[in-house]
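Below is one structure, written out as structure tokens; the observations come after it.
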Amino acid sequence: MRAFTPGLAAARRRPATGLLYLVIAGLLWGTGGLTGSLLGRVAGLSAIAVAAGRLTAGGVLITGYLTATGRAWPSGRAAWTRIIVIGLLAAFYQSCYFTAVSLTSVPLATLVTIGAAPVIVLGAERMTGRPGGRFAVVTTGLAVAGLGLLVGLPSGFRETAVLASAGMAVLAAAGFAALTLTSSRPVPGLDDLTMTGFGFTIGGLLLMPVAELAGGITFRPGPAAIGLLIALGTGPTAVAYTLYFRGLRTAAASTAARLTLLEPLTGAILAALLLGERLSTTGIAGAAIIGAAVILTVQADRGGALRGGDLAAESADHVGGDDGGDAQPSR
């Protein structure tokens, strides 16, 4: 029986744990659309005001937790630079996305934004020579095709409006891709929870003036509105993004971007179960294709991680066998 150190065992577990974090993040994001929609109706908020409230609530909840538990605030130029960059990117892609929504519709903005982000991340990885995982191009193509079938192409909009909306959605995708690629390179001494909390607080506050200009912030307080705001700031924001950033520590950025396709898939399933919305045959086919793409992505990355662990184990055995010349690998 081959012996290996606890450190090697932990190294083998981390990639699978990172994928689990990314899957949970995608599923939690899928609940954000329904929760945000309900919050907008109950509190009388515009879509971009909901986004601003979401980021601010998530960030404040985390920073409040960090303060209450006596955690030290981030320090150093590198940490604060990263936090500010995360806040700017979050505010940028959220504002671009909701501008795209206002020009046409949620389905079209979602199709372009979530469909383009994995392509942009994969292209950036290929250009910089960073590994994107096995079958990355195939699974990305499957995921985007499935998204197109699930969401569909809405009609009834003028060509200029569609082009403008698509352009803003591509900018939103680029912002999310930049957020993903930036977060895949952690800053020493800055943990994911702290980065998410302070970064999103900054991003939410930056979005407040934009929301005011886009129609004003007229929050109607009440138990339901406050409860929905806390729910939106907790699960789909504070928890989901912290897990997403943590998963990026061991998974390729393109893998993380592809797993975000779980968001529209989860949202469609929840809409069918809770709101009675019926998926068409095309939508069901798209959901199945997205599910297949996610499974292939997870399996391919887990396979690569296991092969990497086996190579590391063989290397460790070889090093152990070098001590004393005739020593054999332990069994």
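The values are calculated or read from the model by the stated rules, or taken from the named source; none is laboratory data. Please read these numbers as outputs of a predicted model, since none were measured by experiment. Heads up, the Cβs are rebuilt from the backbone with ideal geometry, glycines too, and the neighbour counts pull from every protein chain shown. For the accessible areas, the whole protein counts, side chains as well, though only heavy atoms, and no ligand, DNA or RNA atoms are used. Shrake-Rupley method; radii C 1.70, N 1.55, O 1.52, S 1.80 Å.
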Exercise. Per residue, how much accessible area does segment 134-283 show when a 1.4 Å probe rolls over the protein heavy atoms, in square angstrom?
Worked result: 45 Å²
For this session: Would you kindly work out the equivalent ellipsoid of segment 22-71 from its C-alpha gyration tensor and give its semi-axes, the square roots of five times the eigenvalues, largest first in whole Å?
Result: 23, 16, 8
Problem set entry | Binned Cα-Cα distance frequencies in segment 10-127 - 10 Å width, integer % | 10, 29, 38, 20, 3
Problem set entry | Tensor-based shape of segment 155-264 (alpha-carbon gyration tensor, a/c under 1.5 rounded, otherwise prolate or oblate) | oblate
For this session: Restricting things to alpha carbons, find the Rg to Rh ratio for segment 165-222 using the Kirkwood radius for Rh.
Result: 1.08
Problem set entry | Cβ-based net charge around Ala43, under 13 Å, with every Lys or Arg adding one and every Asp or Glu removing one | +3
For this session: Compute the Cα gyration tensor for segment 215-261, then decide on rounded, prolate or oblate, letting a ≥ b ≥ c be the square roots of its eigenvalues: rounded whenever a/c is under 1.5, prolate when a/b is larger than b/c in the other cases, and oblate in all that remain.
Result: prolate
Problem set entry | For segment 115-125, 3J(HN,Hα) per residue [Karplus equation, 6.51 cos²θ - 1.76 cosθ + 1.60, θ = phi - 60°, Hz, x = Gly/Pro] | x, 7, 4, x, 5, 5, 5, 4, x, 5, 5
Exercise. From a point 7 Å beyond the Cα of Arg158 in the direction of its Cβ, which residues of segment 87-116 have a backbone N at a distance under 15 Å?
Worked result: 103-105
For this session: Once you have a ≥ b ≥ c as the square roots of the Cα gyration tensor eigenvalues for segment 76-180, tell me rounded if a/c is under 1.5, and otherwise prolate or oblate according to whether a/b is larger than b/c.
Result: oblate
Exercise. Accessible area per residue of segment 12-128 at 1.4 Å probe, in Å²?
Worked result: 43 Å²
Problem set entry | Sulfur and carbon atoms: percent of accessible area, segment 192-263 [1.4 Å] | 72 percent
